[in-house]
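What follows draws every value from the coordinates through simple rules; no lab data is involved. None of these values were measured; they are calculated from a predicted model. Counting neighbours? That spans all protein chains shown, and the Cβs are built from the backbone with ideal geometry, glycine included.
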There are 2 protein chains.
Amino acid sequence: MRRTDRLFEIIQILRDGGLHRAQDIADRLEVSVRTVYRDMDTLVASGVPVEGERGLGYMVREQITLPPVNLTSEELEALNLGMAIVAEAADPDLRNAALSLAEKIDAVLPTQTVAEADAWKFAIYPFADAARGFSHMATLRAAIKARQKLSLQYRRIDGTLTQRIIRPLHMEYWGRVWTLTAWCDTRAAFRVFRVDLIEDATALPELFVDEPGKTLADFDPCN
Amino acid sequence: MRRTDRLFEIIQILRDGGLHRAQDIADRLEVSVRTVYRDMDTLVASGVPVEGERGLGYMVREQITLPPVNLTSEELEALNLGMAIVAEAADPDLRNAALSLAEKIDAVLPTQTVAEADAWKFAIYPFADAARGFSHMATLRAAIKARQKLSLQYRRIDGTLTQRIIRPLHMEYWGRVWTLTAWCDTRAAFRVFRVDLIEDATALPELFVDEPGKTLADFDPCN
DNA sequence: ACGCAACTGACATAAAGCTGTCAGGAGGGT
DNA sequence: ACCCTCCTGACAGCTTTATGTCAGTTGCGT
């Protein structure tokens, strides 16, 4: 198991909001306690809101949501930057959308403001492993929107392949990894898939509707 | 010299649009030819438009700019995604701007569209080394806009420190590294600085105006 | 005072990544 | 034909990173 994968797993474990001892996490991931402490360091340094209490264990603080602010050229810059990054990383559809949106905004703005935004024209040469697994994102996005079932071929962390029929519900971004939350028809349970481990995703003609117990609202991260 | 730094250097070398032999690049960067070939592999795999011609050398293809497209919910998604990424990575100002902008857009949209966009609510836990060096970005951006001179403390790749007065002109994003293009008053020449190697940046009260030969338009990447 | 569990530092070892060397192959130009 | 250069694979040595072990410290609760 690669280090990155383990960090991701730790977040998943902590996500239930409960108290977890380093020893338990170590046992579960089959590493030494020392390694868990080092991982926690990394997570904290990366901004994950986790806190350790001596004698107790680890817990995540609830995430703080920020109140809305005012309109400004700050936001314009954020937008340009965001579009530049999306144009670099995401799937072709999004890439085009990002580029056209950026151009459209430039076109609408008064010329003086454009000059400002111009300082942000990006020459983008991704070195990216960031792009790994982005190839399926278009399919997944479309299926979530269309409420279309998917046939998924997935490579588990241990390397084995599985095939399943899922109802895609939700995507999340974890800084390094994208996840797809779905109801798995094959296993009759919620599952979270890492997009970068998806080998193949094919949209099926079959649509699905919300059924009690199978909607995103019913999903509980604590397994 | 770290590998990442070398890749970045290679791009700089190729940027002049000329033909370069692997041997020459190898000599200049003091590595073997084999290593250059491996680096080229990496660059190509990362989307850098470089091409090798047997018997000739390496050249960059000119970048293709895409024609503008139409307005749509694609663009909305690109925007949401972009804001999520910016909120993760950029400096505090941009971060807030991105968050508020995303919220503002959500607020303006009809509820049906919001439901779509909702599938993209991001829980963001950056593992980021992406954030390295972002601490100065706010200062740099502000100085570019205000045409304010900067006192820069910069760590060269060999580890030595330099201090200079610069006129910040332009920022670029290279997928892994941000660069700041500036006229260096101290050296009386254009210089490109890597933002992640900037130790300290202090805005000076002194402003600057465009002088012939010192504007961004006068800058020629081929040293 | 005691136990618990988070922490820290130092060190040895194992795994992974990077690089150079060598030995070739392949396409284009002369 | 020949030369130039890109390009590939294999292997050995080096460097970096990751991990485990050990020995200790710190803060909290009982």
Residue list for region B:21-40, filter: farther than 18 Å from B:ARG2 by Cβ and more than 6 Å from DNA strand D (Cβ to nearest atom): B:ASP24, B:ASP27, B:VAL33
Region B:5-58: number of residues that are away from DNA strand C (no atom under 13 Å from the Cβ), over 26 Å from B:ARG156 (Cα atoms) and within 14 Å of chain A (Cβ to nearest Cβ): 4
